[in-house]
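Undergrad: Quick one: the structure is below, and I'll ask about it shortly.
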Amino acid sequence: MQDNWESLTRECMDCRECALSQTRRHVVFGVGNPQAEILLVGEGPGANEDQQGIPFVGKAGMLLDDMLAIIGLDRTKVYIANIVKCRPPNNRDPMNVEQDACIGYLRRQMALIRPKILVCLGRIAAMRLIDPKFRITKDHGVWFDVDGMRMTALYHPSALLRDPGKRPETFDDLKSLQREIGRVCERTELNRPW
Ligand code: URA
């Protein structure tokens, strides 16, 4: 049977597949434009996201919005989701067993959106979606062809908050993202390229 947003959202909201469901306040399903050509994938909700049910609404989210604005993007032009949809306690990394339980929801979101470009935010998403051996310090900004999509990873905005020294590299990665969007996307309007 063909999948659809309504049943996917309902199943995800009711999910009890892993222990994170016992401590969550909200399932953080995803936000943005379901017709976007660009999908951004983070790692998992933090405290603010758990409280509001929306991805990237804390400090890291504000920085993400600024990063998008640099290249003329905003939340109406992309879709934003996470590897896991419920908050790992104390902001720890989501465990493999939790990622395994949850990844099907993201895969279904990917199948419905069919993005041309997928941007992993941080190493957890890159290791899950691009390559288990992905090294964020070495491989950020590199482009990969995966399942008919162009994929790359940026440093996670939280990492950029912790270490502003990584920002110049991320600026270059954003320029590369802007060029790639200009090359492969047909409907996404951007700022003028550098
Ligand atoms: N960090 C993430 O990876 N995802 C969010 O939604 C918020 C912070």
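Undergrad: When residues of segment 90-147 are filtered for being away from the ligand (no atom under 16 Å from the Cβ), part of a strand (DSSP E or B) and touching a strand residue (DSSP E or B) at 6+ places or on another chain (Cβ under 6 Å), how many remain?
TA: Of the residues in segment 90-147, the ones away from the ligand (no atom under 16 Å from the Cβ) are 96-97, 100-101, 104, 107-108, 110-117, 131-133, 135, 137-139, 141-147.
Subsequent filtering for residues that are part of a strand (DSSP E or B) retains 117, 144-146.
With touching a strand residue (DSSP E or B) at 6+ places or on another chain (Cβ under 6 Å) added as a condition, the list becomes 117, 144.
The qualifying residues number 2.
Undergrad: Could you figure out which of (1) aliphatic (A, V, I, L, M); (2) near the ligand (Cβ under 10 Å from one of its atoms); (3) in contact (Cβ under 8 Å) with a residue 40 or more places away in the chain isn't true of Met67?
TA: Met67 satisfies all of (1) aliphatic (A, V, I, L, M); (2) near the ligand (Cβ under 10 Å from one of its atoms); (3) in contact (Cβ under 8 Å) with a residue 40 or more places away in the chain except (2).
To keep it simple, each residue is scored yes or no on (1) hydroxyl-bearing (Ser, Thr, Tyr); (2) surrounded by 14 or more Cβ atoms within 10 Å (Cβ to Cβ); (3) in contact with a Cys (Cβ under 9 Å, 6 or more places away or on another chain); (4) under 21 Å from Val78 (Cα atoms).
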{"site": "Arg135", "(1), (2), (3), (4)": "no, no, no, no"}
{"site": "Val142", "(1), (2), (3), (4)": "no, yes, no, yes"}
{"site": "Val146", "(1), (2), (3), (4)": "no, no, no, yes"}
{"site": "Leu154", "(1), (2), (3), (4)": "no, yes, yes, yes"}
{"site": "Ala159", "(1), (2), (3), (4)": "no, yes, no, no"}
{"site": "Arg162", "(1), (2), (3), (4)": "no, no, no, no"}
{"site": "Asp173", "(1), (2), (3), (4)": "no, yes, no, yes"}
{"site": "Gly182", "(1), (2), (3), (4)": "no, no, no, yes"}
{"site": "Thr188", "(1), (2), (3), (4)": "yes, yes, no, yes"}
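Undergrad: While we're on this one: For residues that are within 13 Å of Ile83 (Cα to Cα) and either without any contact (Cβ under 8 Å) to a residue 24 or more places away in the chain or of a type in the set (D, E, K, R) (or both), tally how many sit in segment 40-58.
TA: 1
Undergrad: How many residues are in contact with a His (Cβ under 9 Å, 6 or more places away or on another chain) and more than 15 Å from the ligand (Cβ to nearest atom) when one looks only at segment 33-64?
TA: Residues meeting the conditions: 0.
Undergrad: Please go through segment 56-98 and give me each residue that is on the phi > 0 side of the Ramachandran plot and surrounded by 13 or more Cβ atoms within 10 Å (Cβ to Cβ), ordered by number. Break it down stepwise before answering.
TA: Of all residues in segment 56-98, those on the phi > 0 side of the Ramachandran plot come to 56, 72, 90-91.
Listed by number, the residues that qualify are Phe56, Gly72.
Undergrad: Would you confirm whether any residue within segment 95-114 is at pLDDT 95 or above and closer than 16 Å to His156 by Cα?
TA: Taking segment 95-114 and keeping what is at pLDDT 95 or above, we get 95-114.
Okay, now just the ones that are also closer than 16 Å to His156 by Cα, so none.
No; the residues of segment 95-114 include none that is at pLDDT 95 or above and closer than 16 Å to His156 by Cα.
Undergrad: Here is a list: Gly72, Gly104. Which entry is out of contact with any helix residue (DSSP H, G or I) (no Cβ under 8 Å at 6 or more places or on another chain) and of a type in the set (Gly, Ala, Ser)?
TA: On the way: Gly72 fails: out of contact with any helix residue (DSSP H, G or I) (no Cβ under 8 Å at 6 or more places or on another chain).
Only one candidate qualifies: Gly104.
Undergrad: Looking at (1) in a helix (DSSP H, G or I); (2) in contact with an Asp or Glu (Cβ under 6 Å, 6 or more places away or on another chain), can you tell me which one Val84 breaks?
TA: That leaves (1) as the condition not met.
Undergrad: Looking at segment 149-180, which of its residues are under 15 Å from Val119 (Cα atoms) and in a helix (DSSP H, G or I)? Steps first, please.
TA: Here is the first cut: in segment 149-180, the residues under 15 Å from Val119 (Cα atoms) are 149-157, 170-180.
Of everything in segment 149-180, those that are under 15 Å from Val119 (Cα atoms) and in a helix (DSSP H, G or I) turn out to be Pro157, Thr170, Phe171, Asp172, Asp173, Leu174, Lys175, Ser176, Leu177, Gln178, Arg179, Glu180.
Undergrad: Within the group Arg107, Arg25, Arg16, which residue is of a type in the set (Lys, Arg), within 30 Å of Leu190 (Cα to Cα) and surrounded by fewer than 15 Cβ atoms within 10 Å (Cβ to Cβ)? First the steps, then the outcome.
TA: Values: Arg25 fails: within 30 Å of Leu190 (Cα to Cα); Arg16 fails: within 30 Å of Leu190 (Cα to Cα).
Arg107 is the lone residue from the list that is of a type in the set (Lys, Arg), within 30 Å of Leu190 (Cα to Cα) and surrounded by fewer than 15 Cβ atoms within 10 Å (Cβ to Cβ).
Undergrad: Please give the helices (runs of 4 or more DSSP H) falling wholly within segment 1-62 in which 3 or more residues are at pLDDT 95 or above and either of a type in the set (A, V, I, L, M, F, W, C) or closer than 13 Å to Tyr79 by Cβ (or both).
TA: On the way: elements: 5-13, 20-23, 47-52.
In segment 1-62, the matching helices (runs of 4 or more DSSP H) lie at 5-13.
The values are calculated or read from the model by the stated rules, or taken from the named source; none is laboratory data. Because the structure is predicted, anything quoted here is derived from the model rather than measured. Neighbour counts are summed over all protein chains in view; Cβ atoms, including those assigned to glycine, are modelled from backbone coordinates with ideal geometry.
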